[in-house]
Amino acid sequence: MTHSPTSAPLNYLNHKTGLWSWLTSTDHKRIGLMYMYTIAIFFCVAAILGLLMRIEKMAPGQTIMTAQTYNGMFTIHGIIMIFIVVIPGLAAVFGNIFLPIMIGAKDVAFPKLNLFSWYVFITGAILGLYSQFANGNSPDTGWTFYVPYSAAASSNVVIALTAAFVLGFASILTGLNFIVTIHRMRAPGMTWFRMPLFPWSLYATAWIQLLATPIVGITLLMVIAERTLHIGFFDPALGGDPVLYQHLFWIYSHPAVYVMILPAMGVVTEIFPTFSQKPVFGYVPIVFSSLAIALVGYFVWGHHMFTSGISYESRWFFSFLTFLVAIPSAIKVFNWLSTMYGGSVDLKPPLLFAISFIFLFTIGGFTGLTLGSLATNIQLHNTDFVVAHFHYIIFGGMGFAFFAAIHYWFPKIYGKMYNFKWANISWVFLFVGFNLLYFPLFVIGIQGMPRRYFDYDPKFQTGEMLSTIGAFILIFGLIIMISNLVYGSRRGAIAPANPWHGVTLEWQIPSPPPHENFDEIPVITHEPYRFDNPHTN
Amino acid sequence: MSTTEHSEFIDSDTGKLGMWLFLFTELFLFGGLFIVYSVMRSKYAADFHHAALELNAFVGATNTVVLLVSSMTVAMSLTAIQQKRAGKAMGLLFITLLLAGVFMVNKYFEWGHKFGLHLYPGSDVMKGLPHGEIMFFGLYYMMTGLHALHVIIGGILLTIVIFRIKSGKINAGHYLLQENSALYWHLVDLIWIFLFPLLYLIT
């Protein structure tokens, strides 16, 4: 064991050193960090692919790449962003690091399984990357792998499908671990309704991961069988049913959207009370809205298929449920706003990101209702409007919540602080760049610009150009933010144990946390958000 | 390894909860295939009827009995370990493995017979069949193949359990791995209980 030269107290970062001690660590905090670094690398790769696509679309016609390259790029951009970055994202990183601490446990229920999940994840991620480059023949089906094209496309679709299957397995194991952890590992006195709301959101998420992911797993296996063994489950030429594939795919992939967004909601639900120094408004409604989203979200998949030829009755049914699932999300928005109302609001970088989360998520949510209505959907289906909508939800929602989370928990994770000024500057670039990148896509989408097109009518050029400028600003903001965080983690000022005066358990232990989190397992005697002992500094 | 000092012992209720959740995911995995089966069956009722006649219900029934008995022996071995009779527990697990072997040999001959008739995906004979029959055989190979994979995984788990009993790591006080492996084996049995009527009996 190597002691740190600064004679800092031993913590999870320095109690053992060397790459091997990380690769074999079953410590939930180290595993969470390993997820974070992996995800950050893949995020940067996919973001660069996104930027290249935007550069291609600066002008009509071919600019920097061929149509086939473009098809491969949006496919691999989607596969990386969805399966490697956003679905594991918050749950695997901050869930791993903070779930056990926030419920007063020393680790997750199955620490070895947790490490195993990371290796499964890495295997899937490498396979995904490999599918892009093997034989110079990247998949061009889009991340949705729609048959019959994915059954016929002469590219590395089988490798990409296998990657998605393996990544799904990692997701299932993480979800399983979290459910058991929350059921069995809560500290004495921590009843269900004394549990903080980020763990609650992870609980709802974990059930979706557990119950929806196997469906897409078997579906992807069937497509693999279709390609390798010529069993035509979904190929109409062999008697199969392509719409059946869409059903099975979206039975998972719509709930997967809630796998992405529920932990994001959980993160900002932690941030608003802390930076308002006020108990969260409506604890119980937030809990039940999370569970309601998980439950109802399971039954709205058909809204991806309004133009696929499903019956009128099922279109009506899925449209109705889509409107229904918007209600619990709206409840949460009102809860967050009411939490800030009358509080002593401290506009530090985490809160800045959390507030912009509400703004972007609300735009994404409302445009989701536009797409959920049957009539407007017919007009907007497969246009850039859809692309703008889901980037507002996934990037504006989950992405900004991730940025909020890293700025919130950074001092706890590293025991150091980043520079606030540069964090605020990066926020300006990210927020402006994001809106400039995606808002024009709403407009040209309504005007009829289809998604996934390499070329376009010159009349769309203003919108496309604005969007590309936004992409550059956004990337610039990302560079500033990541540099600021990396610099802060190495050379930042030493952070106190509780810089934001938070009240949940992670703020009651040293920064960085000791290897086993707590010297003594805490006993919980009251609800989580009680600010009735105002600090005096 | 000191990093795992608080994680060496997973208490039995926690371990079993995890296993049950995992079994749910397995049911959902096969559930996807059952959905496809139902949709295709209603679409191609007559073809499914003809194709199902190809399957030998006697072989299927034999395998059902074999798996049911193996479920019994695996449960008995758990009782044996709780009664501190390690030798008997290992013997019963060994019988379970033998029965798993019988199941797989049966399966081998069953598949081999169909391959002999050129009834496999992509063969010329298959391509000449009506769509519904191709679909039936496709589902047959996919479902029984995935199930056979589970039999193999279950067999590996039970083999590990035998060695752990032998080395004393599994004993009357600590038998979580054996209990979870037995649960897994029951799942293998349960899935087959559904596959058998769907593929062999309903014609």
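Every number in this text was worked out from the coordinates using simple rules, so none of it is lab data. Note that the structure is a prediction, hence the values are computed from the model and not measured. So basically every Cβ, Gly included, is an ideal-geometry build from the backbone, and we count neighbours across all protein chains shown.
For this structure, a couple of remarks:
- P(r) weight above 20 Å for segment B:56-131, C-alpha pairs, percent: 50
- Note on the protein assembly as shown: along the principal axes its Cα atoms extend 80, 72, 45 Å, ordered by decreasing extent.
- Packing, as the average of other Cβ atoms within 10 Å across residues, places the peptides A:174-185, A:337-348 in the order A:174-185, A:337-348, highest first.
- Lysines with Cα under 25 Å of A:Lys416, excluding same-chain neighbours fewer than 8 positions away: A:Lys16, A:Lys29, A:Lys106, A:Lys348
- Difference of contour (0.36 nm per residue) and Cα-Cα distance, A:Arg530 to A:Ile482: 14.0 nm
- Paramagnetic label zone (point 7 Å from Cα along Cα-to-C-beta, A:Phe420; backbone N under 17 Å) in segment A:479-507: A:485, A:488, A:492-502
- Here the label points at A:Phe317 and A:Ile64, each 7 Å from Cα along the C-beta direction, are separated by 4.7 nm in the simple model.
- Separation in nanometres of the label points that stand 7 Å from Cα toward Cβ, at A:Ile469 and B:Val65: 8.1
- Centre separation in Å (Cα based) which lies between segment A:506-529 and segment A:222-293: 32
- For segment A:132-181, pairs of C-alpha atoms spaced more than 14 angstrom apart make up 58 percent of the total.
- Full extension of the chain between A:Arg451 and A:Ile126 gives 114.2 nm of extra length, using 0.36 nm per residue less the Cα-Cα distance.
- Separation of alpha-carbon centers, segment A:206-220 and segment A:387-432, rounded to whole Å: 29
- Note on segment A:38-102: Kirkwood hydrodynamic radius from all Cα pairs is 13.2 Å, rounded to one decimal.
- Farthest positive-ward along the protein assembly as shown dipole, Cα basis, beta-carbon charges - from A:Asn71, B:Phe163, A:Tyr130: B:Phe163
- From helices alone, chain B scores -27500 deg cm²/dmol at 222 nm; the rule is -39500 (n - 2.57) for each run of n ≥ 4 DSSP H residues, then divide by the residue total.
- Fully extended contour minus Cα-Cα distance, from A:Val243 to A:Thr24, at 0.36 nm per residue: 74.4 nm
- Neighbouring partner chain Cβ atoms per residue of B:23-32, average, 10 Å criterion: 6
- With respect to chain A, whose longest principal axis is taken over its alpha-carbon atoms, helix A:283-296 is tilted by about 30°.
- Ratio of Rg to Rh for segment A:185-231: 1.37 [Cα atoms; Kirkwood radius as inverse mean 1/r over pairs].
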